[in-house]
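Worksheet: the structure to be examined is printed underneath.
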Amino acid sequence: MADNDELTDGARFAAHVAAQPHVNYLKGAGALDWGMQSRLARIFRPRTHRTVMLAIDHGYFQGPTTGLERVDLSIVPLLPLADALMTTRGMVRSTIPATSGVPIVLRASGGPSVLKDLSNEQIAVAMEDAVRLDAAAVAVQVFIGGEHETQSVHNMTRLVDEGLRAGVPVLAVTAVGRELTRDARYLRLAVRICAELGAHVVKTYYCPEGFDTVTSACPVPVVMAGGKKLPELDALTVAARAIEGGAAGVDMGRNNFQSDHPVAMLRAIRAVVHESAKPEDAFEEHLRPVLSGT
Ligand code: 5RP
């Protein structure tokens, strides 16, 4: 890899790992069993080791979500554009065609609704059922600094133990309560704890200052979480900055399905993540034509 002074440390490290022929495996995955690596390879594209994951799991704690009122119409057209779909087993069995071929990252923690303390989650899916559903990974929420921090970490470590037995990777989602600041210091703490305790992938939020220190402090891939709906170009810009900062992809929900043009938006995100397109160029190519037509 030609050294590039414009790259951040996180991006340089990710590119360095990807460029090594003898370590051409996903970051941190070289010592995993074959089945585990195979499942991860369904989520992350070969060589770039990046993913565009689509998050549609909001209903497990907040019920019906704007943009998903007609789940069949909202979700199914997006599936061919997603490298993986993060969702619940209820949605998988009720709504996602088994023939779609989309790798499933199965939400495996839950319990409290938005009316309660969200950190009070428990494991909500047996690993046996994740295997039955052919899940490519299971996802668990971890609330570092939250009221039920230890319980949520324990949920994760139990899933890691069960996942290692079954060959199913665990994606830890670092949930940030309203009382916590999503800065690099906090996010480094959260992602590192998840990885050290066995998570194979960590999903966390982008922070404008020092995001590359978050990805480089984490020995496994970091996937950027989405968040509330932004104007399309702003969302593309955040995704691009996360990739520049060493993220191994994005897992965005509302910024896709709450867009007036979710298919075009997902295509634009794919350009940013997989082709390192500039956000403005991805916007012009994929969104401008549909916006002009409205
Ligand atoms: C919750 C999650 C959800 O998958 C995520 O919040 C949904 O995506 P988005 O915020 O992009 O709508 O992990 O912590």
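The values are calculated or read from the model by the stated rules, or taken from the named source; none is laboratory data. This one's a predicted model, so the numbers in the text were calculated from it and none came from an experiment. In this analysis, Cβ positions are derived from the backbone assuming ideal geometry, glycine residues included, and neighbour counts consider all displayed protein chains.
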Q. Name the pairs whose Cβ atoms lie under 8 Å apart, with the first residue in the stretch 229-252 and within 15 Å of the ligand (Cβ to nearest atom), the second acidic (Asp, Glu), and 6 or more positions between them or separate chains?
A. GLY249/ASP83
Q) Looking at this structure, is LYS203 assigned to a loop (DSSP other than H, G, I, E, B), at pLDDT 95 or above and within 15 Å of the ligand (Cβ to nearest atom)? A) no
Q | Close pairs (7 angstrom Cβ cut-off, 6 or more residues apart or separate chains): under 12 Å from ARG270 (Cα atoms) in the stretch 281-294, part of a helix (DSSP H, G or I) and charged (D, E, K, R) anywhere | A | PHE283/GLU232; HIS286/ARG267
Q | Residue within the stretch 86-93 that is of a type in the set (A, V, I, L, M, F, W, C) and either loosely packed, with under 14 Cβ neighbours inside 10 Å or farther than 20 Å from LEU68 by Cβ (or both) present | A | no
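Condition check ((1) surrounded by 18 or more Cβ atoms within 10 Å (Cβ to Cβ); (2) closer than 24 Å to ARG93 by Cα; (3) out of contact with any Asp or Glu (no Cβ under 7 Å at 6 or more places or on another chain)) across all residues:
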| position | (1), (2), (3) |
| --- | --- |
| ARG132 | no, yes, yes |
| ALA135 | yes, yes, yes |
| GLY146 | yes, no, yes |
| THR150 | no, no, yes |
| ARG182 | no, no, yes |
| LEU187 | yes, no, yes |
| TYR206 | yes, no, yes |
| VAL223 | yes, no, no |
Q: Residues being part of a helix (DSSP H, G or I) and within 12 Å of the ligand (Cβ to nearest atom): count how many of those fall in the stretch 92-119.
A: 0
Q: Tell me which residues, restricted to the stretch 43-83, are without any contact (Cβ under 8 Å) to a residue 60 or more places away in the chain and either on the phi > 0 side of the Ramachandran plot or part of a strand (DSSP E or B) (or both).
A: ARG47, GLY63
Q.
Looking only at the stretch 158-190, how many residues end up being outside any loop (DSSP other than H, G, I, E, B) and under 21 Å from GLN37 (Cβ atoms)?
A. 11
